[in-house]
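Report on one structure; see the data block that follows.
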Amino acid sequence: MTIDQTIARAFAPTGTLRASINLGNPILANKNPDTGEPFGVSVDLARAFAEHLGVGLELVVFDAAGKSVQAVSEECADLGFFAIDPLRGETIAFTAPYVLIEGFYLVRDESPVRTNADVDRANNRVAVGKGSAYDLFLTRELKAAQIVRAPTSPAVVRTFIDEKLEVAAGVKQQLEADARDIPGLRLLDERFMVIRQAMGVPKSRGPAAADVLAQFVESMKASGYVVESLKRHGISGASVAPAESAPNHNVPRTY
C-alpha cells in the first residue's frame, strides 16, 4: 500500500527512519553475540514500520533507556520504544502500549524487607537503572528510601551487590536472571508497577504522525504480530497489551 508522503517525510526527514533501540531492557531488544546485530520485538516493529512508510531503516542503538529517550527527544532519532511516563511525555508523543512488563524488588535472603511496603524506609537504599521507567516512577513514589542510580538497567544488581545496598529494583525477568546466577537473593512476592512499553515519536513531528504510529501499534497487536515476535525471540513473562482503540484497517496486518 502507499502512504501519504507528508507522513513519511514527517517520520523520516532524512529519507531513512532512524529507530532508537534500547538494549538495556532484554525483553525488548538484545544483541546477537556472534554478529553484534540487535534483535527483538522492538527491532521487528521498527523494521515493519519502516516498510510501511516505504523508507530505509537505521537502528540507533543505546545501552540505557535514558540515552534512548534523549535521542528521540533531541531528534537524533525519529522514533523509539519506551515505557510511558509523564516526564518523557513532555517531548514525546506515545502510542498505547504494545507490551506490558512488571517491575519488582530484589533483596538478600536475610533482608528484613518482606513486602513492598517495607521498601520505603529511611534506612533503605534502592538501586535503579538511571533514567529507566522504574527510576522515574520510584523517584516520584518513594518518600523515605534513598535511590542509587546504576549506569544501566543490566548493571542494577551488580551495583546493589558492590555497594551493599538494601534493595534492587528492575524488570522482573532481568532480576530473576541475576538471582539465578548469584546465590542468596530473592524477589519480593508482588510487583511494584506495571511498565507500559509503547512506541514514541517527537511531538514536533505533528499530531498526524502520532496518529499514524498509534494506528500501526494497534494493528500490530490485533494481527498477532507482537505476540508472534515475542514467541520467536523466546521472551516469556511479558504480555501483549490490550487494544485501546480499533485498529485502522488501512495499515497492513502482516509484513
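Residues in region 1-25 that are in a loop (DSSP other than H, G, I, E, B) and buried (at least 18 other Cβ atoms within 10 Å of the Cβ): 4 in all. For the residues GLY80, GLY56, GLY131, the requirement of being outside the structural domain of VAL157 (by TED's automatic domain parsing) and over 17 Å from PHE216 (Cβ atoms) singles out GLY56.
Taking the stated definitions as given, is ALA241 buried (at least 20 other Cβ atoms within 10 Å of the Cβ), of a type in the set (Gly, Ala, Ser) and under 22 Å from VAL41 (Cα atoms)? Yes; evaluated as a whole, the condition is true for this residue.
Filtering ILE84, ILE101 for residues that are surrounded by fewer than 18 Cβ atoms within 10 Å (Cβ to Cβ), in contact with a strand residue (DSSP E or B) (Cβ under 7 Å, 6 or more places away or on another chain) and not small (Gly, Ala, Ser) leaves a single hit, ILE84.
Considering only residues in region 123-148 that are of a type outside the set (A, V, I, L, M, F, W, C) and in contact with a Ser or Thr (Cβ under 8 Å, 6 or more places away or on another chain), the one that is surrounded by the most Cβ atoms within 10 Å (Cβ to Cβ) turns out to be SER132. Looking across LYS143, LYS172, one residue alone is within 27 Å of VAL226 (Cα to Cα) and outside the structural domain of GLY224 (by TED's automatic domain parsing). It is LYS172. I'd like the full set of residues that are of a type in the set (Val, Ile, Thr), assigned to a strand (DSSP E or B) and within 17 Å of GLY80 (Cα to Cα), limited to region 176-235. Answer for region 176-235, where residues must be of a type in the set (Val, Ile, Thr), assigned to a strand (DSSP E or B) and within 17 Å of GLY80 (Cα to Cα): ILE195, VAL201.
Among the residues making up region 199-212, those that are surrounded by fewer than 22 Cβ atoms within 10 Å (Cβ to Cβ) and touching a strand residue (DSSP E or B) at 6+ places or on another chain (Cβ under 6 Å) are LYS203, ALA210.
The values are calculated or read from the model by the stated rules, or taken from the named source; none is laboratory data. Just so we're clear, the structure is a prediction, and the values are computed from it rather than from any experiment. All Cβ positions, glycine included, derive from the backbone under ideal geometry; neighbour counts span all protein chains shown.
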